[in-house]
Amino acid sequence: MKLESMTAKVRPRSGWEALALGFRMAHHHWRSLWGIWFAVTLIPVLLPLIFFPEYGFWIIVGFWWLKPLWERPLLHFTSRALFGEYPSIKDTLKSLPGYFFVQWFPTLTYRRLGFTRSMDAAVIQLEGLSGQRRSRRIQTLHMQASGAGSWLTLLLFFLHFVVYFNLVLMVIWFVPEHYLEWLLKQLGNKLALESDGIFTLVRELIWTDTVMAVQVSQVLIHYLVISFISPFYVTGGFALYINQRTILEAWDIELTFKQLRQRIDEKEKKRKKSALIASCCLALVLSVGIAPGDSLAEEPEVEKVSIEHEQAKQTIEEIIESEAFNKTVTKKRHFFDFDVEEDKEIADLSGFSGFGKSLAFIFEILLWCGAFGLIVWLIVKFSESKYLSSSFKRGKKKKAKPDVLFGLEINEESLPDSPADEAWTLWQQGECRAAMSLLYRATLFQLIESHHCEFEDGYTELECVRIVDSVVDKNVASFFSELTQSWRVFAYAHQPPGNSLMQSLCLRWNGMFLTPEPQEAS
Amino acid sequence: MLDTSHTVEIPEGIELSLPVASPLERILAYMIDAVVQLVILIIIGNVFSLFGNFGAGIFAVLYFLLNWFYAVFFEMFNDGATPGKKAMGILVVNDDGTPVSWAASIVRNLLRFADAFPGFHLFGVTCMFLNSNFKRLGDLAAGTIVIHRKKEVQEVVIKEVKAEAPDVSLLSDEQSAILHFGERIDTLSKDRCNELTDILAPMLKADSSEKRMNKVLAIANWLRGRR
């Protein structure tokens, strides 16, 4: 047994997780497992069924009772597949005589109904233990997590009948109606004939033997269900067995230790090798007396790299032109129209009475109150809402005006009476920044106050320009954009506008915004 | 390499492996849930039968809710596990390992109906047994997966000996194997322990099996941080 070649991840698992591993094994090897199963079992089921179809019940019970034997080739395959050796169906069948009848008598008599049969099969078949050694071995293996093994047997047995009844149900759906009626009539006749009616009915539900065709199909359905479940049963039980051994014998630790050992050995070998090479080189150098030239050693390598580069390019192109990259797939989708007829039923309310009726009445009133309450609440909520009020009351109320725009304070108190003149004075005194900012602030203030431009706190200068463009007349807009431009150049690029430009801006400001003020004053 | 986990790569490039729950546990969990539902149904049935036809109406509504939203309710408010799943130590998560979302939970539980076809869950059971992650139709549609709840790891005592550093630098797998050895030494026979430590002979530089075992224990102690 070589742990290194194991095809499943080795680690101690819980019982349930081990079962999951077993089921995944069944998925992984499904071709072989079911292939082996049908190769072994098809003949033992079909032959007797053809010759003695009237004994269908006993055929399937007999087949089920012999199941431990049918499962042996599956276990044989699974145990080998786990260690990376995949015997073909043929090989498995060839080696069948070697293990098929091992301890057949106890297996088919007093051990047949054991709950942990799936786990214990490996001890008999793979370890070849018998008698006391076998029972001691099984005891050791059962020390932990044998519960999952019992559950596996119980639940799969239960599932057998679940799946069986489902399949019977489906078959009945597909049986033509008049034939089904005839079948039921036969059953009714039989029930009427026999005295113990209920007992017969129960028996008939589990196994109907009135008609030959029904018998044969029942055998086939049972056989299919057993075929579906058995490989899962075998791999699940085997995985539990492997898991127990992993826990008991620390397989996971052994595996990692072996890998570590390999790593150490390789390292050691490499070290020895390099030491050898080093000593050889030293000897060579000493004997020749000349150090090997670096350039000589390097040249061929460069060439090699460039060739590789060329090759790589070619390979890339080949791959890109290959089929995988030039696949066209046409997909069609079908849409269905569902014409559903709706049946409307009118609820019958006349039956309400007494306490129930009054309670229902109270609930109805409460419901109506709730509904009205909801409507009122919605109306109130909506009338208060920002969006609606702003659209209803546009023009009546102005939006809150911002006091600060890009860090500049914009309100009446912070501005002098004639800001343009003030700005010009400041400019002449050499306080260029103060002058410019005053002029800009005053402009913004006037735009907000007398032209109703709606600026918000977070706007940038250019956003303001865009708004001004859409709201005020061309004259003011062009002035504002010019002002903004000089302001931005000054504020961010530190390039003050020329004297003449500043003067003209101040004059134009006076012409545009100052005129209405005396009117307001008067 | 066959394994029992579903691997998810998170955006940080780390791979998480979720231990997938086997169909048998799920069937058991389903049975427990069916019993719980039946008990609830009997209780509310008895209570509402006192209220006549009106009670019957309320009962019908509750029956509907219980039937269709029992699992959704518990999956959303009980860490992805119905009482049955909790009892079996399993839970539902999205395929990417995140807690199951409302939409996914509703889809997977509405599709119980499809899984139950044609009467006793044939489709669900077959699908669960054949899918590699043991998903039923509802799980496939909703993109959910049923996994084992991680058990709280209890600290296992490692026999205390004087810690020694290993001569070779160890990879993380190897470190954990040595720690496992220290933890499980009591469950293994002495011969088996010697067999295991003999594998590491060139690393341990000790002449007898006894000494080698002690050296491995000393390294385990060192890795545990008893330096």
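The values are calculated or read from the model by the stated rules, or taken from the named source; none is laboratory data. Keep in mind that what you see is a predicted model, and the values were worked out from it rather than measured. Here the Cβ positions follow ideal geometry from the backbone for every residue, glycine too, while neighbour counts run over all protein chains shown. Only protein heavy atoms, including side chains, enter the accessible area calculation; ligands, DNA and RNA are left aside. Shrake-Rupley method; radii C 1.70, N 1.55, O 1.52, S 1.80 Å.
Results, tabulated for the structure shown:
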read-out: A:Lys258 within 13 Å of chain B (Cβ to nearest Cβ) and either closer than 24 Å to A:Ser79 by Cβ or at pLDDT 90 or above (or both); value: yes
read-out: Members of the stretch A:219-249 that are over 34 Å from the mean Cα position of the chain (by Cα), over 20 Å from A:Arg80 (Cβ atoms) and facing chain B (nearest Cβ under 10 Å); value: A:Leu248
read-out: Residues that are more than 10 Å from every other protein chain (Cβ to nearest Cβ) and surrounded by 16 or more Cβ atoms within 10 Å (Cβ to Cβ), drawn from the stretch B:49-65; value: B:Phe59, B:Leu62, B:Tyr63
read-out: Any chance A:Thr210 is under 20 Å from A:Phe57 (Cβ atoms), polar (S, T, N, Q) and touching a Leu at 6+ places or on another chain (Cβ under 9 Å); value: yes
read-out: The stretch B:184-194 - residue that is at the interface with chain A (Cβ under 10 Å from one of its Cβ atoms) and in contact with a helix residue (DSSP H, G or I) (Cβ under 8 Å, 6 or more places away or on another chain) and, of those, most open to solvent (accessible area, probe 1.4 Å); value: B:Thr187
read-out: Scan of the stretch B:21-33 for residues that are of a type outside the set (S, T, N, Q), touching a residue at least 12 places away in the same chain (Cβ under 8 Å) and either closer than 19 Å to A:Phe157 by Cα or out of contact with any strand residue (DSSP E or B) (no Cβ under 8 Å at 6 or more places or on another chain) (or both), ordered by number; value: B:Pro23, B:Glu25, B:Arg26, B:Ile27, B:Leu28, B:Ala29, B:Tyr30, B:Met31, B:Ile32, B:Asp33
read-out: Flag for A:Ile198 being under 44 Å from the mean Cα position of the chain (by Cα) and open to solvent by 40 Å² or more (accessible area, probe 1.4 Å); value: no
read-out: Checklist (1) open to solvent by 50 Å² or more (accessible area, probe 1.4 Å); (2) touching a helix residue (DSSP H, G or I) at 6+ places or on another chain (Cβ under 9 Å); (3) not in a helix (DSSP H, G or I) applied to B:Asp207, failing item; value: (2)
read-out: Filter result for B:Ala201 (hydrophobic (A, V, I, L, M, F, W, C), more than 9 Å from chain A (Cβ to nearest Cβ) and more than 13 Å from A:Leu255 (Cα to Cα)); value: no
read-out: Extreme residue, farthest from the other protein chains (Cβ to nearest Cβ), among residues of the stretch A:144-169 that are over 30 Å from B:Leu188 (Cβ atoms) and touching a helix residue (DSSP H, G or I) at 6+ places or on another chain (Cβ under 6 Å); value: A:His160
read-out: Listing of helices (runs of 4 or more DSSP H) fully contained in the stretch B:20-124 that carry 1 or more residues being of a type in the set (Gly, Ala, Ser) and within 30 Å of B:Ile10 (Cβ to Cβ); value: B:23-48, B:52-77, B:83-88, B:102-110
read-out: Of the criteria (1) in a helix (DSSP H, G or I); (2) surrounded by 15 or more Cβ atoms within 10 Å (Cβ to Cβ), which one A:Asp209 fails; value: (1)
read-out: Residue match in the stretch B:146-154 (condition: open to solvent by 20 Å² or more (accessible area, probe 1.4 Å), of a type in the set (Val, Ile, Thr) and away from chain A (no Cβ under 12 Å)); value: yes
